[in-house]
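Have a look at the structure below before the remarks.
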Amino acid sequence: MSELALLAEKADAADELAPVRSRFVLDDVVYLDGNSLGALPAVVPDRVADVVRRQWGELRIRSWEESGWWTAPERIGDRIAPLVGAAPGQIVVGDSTSVNVFKALVAAVRMAGEGRDEILVDASTFPTDGYIAESAARLTGRTLRAVTPAEVPSALSGRTAAVLLNHVDYRTGRLHDLPALTAAVHAAGALAVWDLCHSAGALPVGLDEHGVDLAVGCTYKYLNGGPGSPAYLYVRRELQPRFDSPLPGWNSHADPFGMSPSYAPAPGALRGRVGTPDILSMLALEAALEVWDGVSVSAVRAKSLALTDFFLKCVAARTEPGRVEPVTPERHEERGSQIALRCADAGEVMKRLIARGVVGDFRHPDVLRFGFTPLYVSFRDVERAARVLGEVLA
């Protein structure tokens, strides 16, 4: 057995999160793509079967009350809250990330007031966030300016209404300084909107602690909610009375069954709801979140950094110098839970890795991306992935 394999074995033996791996449906594949789609939690299939066969099949309409369907968006929001550092009553689950970005950004602009006519958006953002920001700017009569997160402090001014940022860069895995950037935005009198898609469930976020105004995130990556599982919207408690959603729906009405022709928003985070919730995927997500029982985010973060450190060590040992180039920051305070490697023939290399049982993904034009979900990725997985990568590259 190689020295790296021995190190992996020793690290797995000392891993306090190792027992959590059994809560997932896994096979012999090394799955390093949980930053795109998390693995299936073992409790989900039976729970979904119950929702379909009993709650829908037998109780039918009664399940809105008797099975808790109606309260699912806020109930599941409260389940996500501790994973992103939020107190209960500030997160509602439903709709897609894109829809929630739209709600959050337009609402932020409305709260900022008429005197502020510019929106800043992360220039390196996931494309959809940029598209939504451009549309929000047109609809609210603001101008849009794209800047890198590092440029935000100097770009802020009395014109700035809101700033939309990604906590972790989806390409490189760079972790941006949420506390410092949020403080800078507030010092300029603007509102901070954060996209947590690549950080929630992988590292501490601290929404309440750092005074984040609004945040959104998906649930199918590190939260393992399943393909297309609903996203969530965080509205800081102090802002909830002023939160003016651009998508007022009957589900967010103060009296949803009153069927009034005029809109009156529900109190609190409930005004972030829009239409009828997607119950099947919503309750699959609720079941999936049970894997977090007894798990601390700080332990997840510690293992994430250990896994990514070990992967970089193994890659350096298993590949020829210069064959791949890490683009993820080396410093822990700047690293999310993925490692991106620049490789000239990355697309073909990833196909060959997948054929060999190591699943990551490829990002155009030349990036191999590997996501490390600490709840189920082992150090043996990491050693094997680097060993196979070395063989493929050779």
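The values are calculated or read from the model by the stated rules, or taken from the named source; none is laboratory data. Just so it is clear, the structure is predicted and the values come from calculations on it, not from any experiment. Because the Cβ atoms are built from the backbone with ideal geometry, glycine has one as well, and the counts that use them run over all protein chains shown. In case anyone asks, the SASA skips ligands and DNA or RNA and just uses the protein heavy atoms, side chains included. Shrake-Rupley method; radii C 1.70, N 1.55, O 1.52, S 1.80 Å.
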- request: Report the convex hull volume per residue for the range 112-196, counting only C-alpha atoms, in Å³.
  value: 75
message: Cut-off 10 angstrom, C-alpha nodes, Gaussian network model of the chain. Which of CYS218, CYS314, CYS197 fluctuates the most?
response: CYS314
field: Spatial separation of Cα centroids for the range 329-394 and the range 258-290, in angstrom
entry: 37
- prompt: Carbon-plus-sulfur fraction of the accessible area of the range 184-311, 1.4 Å probe, in percent?
  reply: 58
- prompt: Say we join alpha carbon atoms closer than 10 Å with springs in a Gaussian network model of the chain; which of SER135, SER199, SER36 then has the biggest fluctuation?
  reply: SER135
- line: If one builds a Gaussian network model of the chain from Cα atoms under 10 Å apart, the most fluctuating residue listed among GLY206, GLY268, GLY115 is GLY115
task: Just the number, please: Stokes-Einstein D of the range 184-296 in µm²/s, Kirkwood Rh from C-alpha pairs, 10 °C, 1.306 mPa s.
output: 101
query: Hey, what angle do you get for helix 178-187 against the long axis of the chain, alpha-carbon based, 0 to 90 degrees rounded to 10?
result: 30
- line: extent check for the chain: Cα max minus min per principal axis, descending, whole Å, gives 71, 58, 34
- prompt: SER154 to GLU333: FRET efficiency via 1/(1 + (r/R0)^6), r the Cβ-Cβ distance, R0 22 Å, to the nearest 0.05?
  reply: 0.55
query: Where Rh is the Kirkwood radius over the Cα pairs of the range 33-136, the temperature 4 °C and the viscosity 1.567 mPa s, what D in µm²/s does Stokes-Einstein return?
result: 76
- line: Probe 1.4 Å, heavy atoms of protein chains only: per residue, the accessible area of the range 172-311 in Å² is 34
field: Set of lysines near LYS351 by C-alpha distance (under 30 Å), chain-local residues within fewer than 8 positions excluded
entry: LYS221, LYS303, LYS313
- prompt: With each label point set 7 Å from Cα along the Cα-Cβ vector, what nm distance links MET259 and ALA18?
  reply: 6.1
message: Using Stokes-Einstein with the Kirkwood hydrodynamic radius over Cα pairs, what translational diffusion coefficient do you get for the range 294-362 at 10 °C and a viscosity of 1.306 mPa s, in µm²/s rounded to a whole number?
response: 118
query: Under a 1.4 Å probe, what is the accessible area of the range 66-142 per residue, stated in Å²?
result: 36
query: Extent of the range 338-390 along each principal axis, from alpha carbon coordinates, in Å, largest to smallest?
result: 30, 19, 14
- line: Treating every alpha carbon of the range 242-337 as one equal point scatterer without solvent, the Debye formula yields log10 I(q)/I(0) values at q = 0.11, 0.20 Å⁻¹ of -0.66, -0.97
field: Difference of contour (0.36 nm per residue) and Cα-Cα distance, ALA42 to ALA299
entry: 90.4 nm
query: For the chain, what is the relative contact order in percent, using Cα pairs closer than 8 Å and at least 6 residues apart in sequence?
result: 23
query: Nearest 10 degrees, 0 to 90: what angle lies between the long axis of helix 3-13 and the longest principal axis of the chain (Cα atoms)?
result: 40
task: Quick one: pull the percent of accessible area on the range 24-183 belonging to carbon and sulfur, 1.4 Å probe, ligands and nucleic acids left out.
output: 56
query: Given +1 on the Cβ of Lys and Arg, -1 on the Cβ of Asp and Glu, and no further charges, what dipole in debye does the range 121-172 carry about its Cα centre, rounded to the nearest 20?
result: 200
